[in-house]
Amino acid sequence: MRDALQASLEKRINGFVAEKAERLMDEKDERKIQACADRNAVIVKTYARGKILRQQFSGERQAVLYEVHFQHLIKQKEHLYLEEEVEVREANFQRGMLEDDSEVVPDQLEAAFSADAASLEMGARERLSYVYDRRKAVQYAERWWNSYNPAFKKFDVDCTNYISQCLHAGGAPMRGYPNRGQGWWMRGNNYSYSWAVANSLRWYLAGSKTGLKAREVGSPDELIPGDVICYDFQGDGRFDHNTIVVAKDANGMPLVNAHTYNSRMRYWEYTDSSAYTPKIKYKFYTILDESREWL
C-alpha cells in the first residue's frame, strides 16, 4: 500500500515538473520575443525540459529541488544560433498537494565579501607576461557553462568564479597569493576577492597593471570573444554579475555565457532577465596581453 502511494506521489510530482517547465517557457517567451524583436531576430523554436535534482521527505511533507532547461533556436538575418538557460526551483508539497513553488535565489556572496578598489592591489612591481588565447577561453566557457570543473571551488553565486576560470584557461596568470585583497588567484579553497566577487573583479579589470589586464571600451560591439561584460542591475555603482563573450550575433553584438543562472549564447543586454531594471549599467572590458596592450 505504501509503495503504491509513493509511486502515485512520484508520478504526480514528475507531472508537475513537466507541466511547470511548459508554463515557465510560455512566460519566458513573452520577454524573449520582445528582446529578439528589438534586434530584428525571431525565435524559430523553443524547448523546455524539467529535471528533478533532489527530493526530501519529512512525514507527509515533501520538498523537491528541480531545474528547468530552456533552449531557444534564434534566427537573425541568415544566422541561426541556440541560446540556452537553466533555472533552479524548489517546490513544497503536503500530502501530495502543492503548497508553494519558487525560483531558488542564491545567497549574495557580495554581502559576505565587500572588497572594493581601495583594498585591491593595483600596481604590483612584478610583471607577468602572457598571451591570451581567446579560443581556449571560449572553449572552456562552452565546456563548463552548465556544469562545474571539480578542480575549482564552487560557489552558490558562481558567475565570477566561472569567468575567472575562463580567463585563466585562456592563459591569464594568477598572482597575489596568499593575500585575498591583492592580485587575482585561487588555490584550493582559498581565493582572492577579485577571483570570485563580481564587484571586485570589475575593479580589478579596471586597474590591474600586471598579469591579467583589461581596457574598458565604450560600447559592446567593440568586444570580441574572450572579453568580459560587468552588470550593475540596480545602477547603484556595485556590480552584481559578470559574463564572458563567446560569439557575436548577425549585427556584431556580443552573445555571452554565464554561471549562477547558467546560460549560453545569451544576448548581452539581459533585458529578458528577471534581474533587469531600467537603472542597469554595464562595463565593457577587452582583455589585454602583450600583443594588444597598446591597441
**Asked** Considering only residues of the range 258-275 that are over 27 Å from ALA169 (Cα atoms) and in contact with a strand residue (DSSP E or B) (Cβ under 9 Å, 6 or more places away or on another chain), which is surrounded by the fewest Cβ atoms within 10 Å (Cβ to Cβ)?
**Response** SER274
**Prompt:** Out of curiosity, is GLU290 within 18 Å of ALA214 (Cβ to Cβ) and acidic (Asp, Glu)?
**Reply:** yes
**Complete:** Note on the range 49-73: residues more than 20 Å from GLU10 (Cα to Cα) and touching a Phe, Trp or Tyr at 6+ places or on another chain (Cβ under 6 Å) are GLN71
**Prompt:** Residues in the range 268-280: is at least one in a strand (DSSP E or B) and under 18 Å from THR160 (Cβ atoms)?
**Reply:** no
**Request:** Output the residue which, of all residues in the range 33-74 that are more than 18 Å from TYR267 (Cβ to Cβ) and among the basic types (Lys, Arg), is surrounded by the most Cβ atoms within 10 Å (Cβ to Cβ).
**Result:** ARG49
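All of the numbers you see were taken from the coordinates with simple rules; none came from a lab. Since the model is a prediction, treat every value here as computed from it, not as a measurement. Positions of Cβ are backbone-derived with ideal geometry, glycine not excepted, and every protein chain shown enters the neighbour counts.
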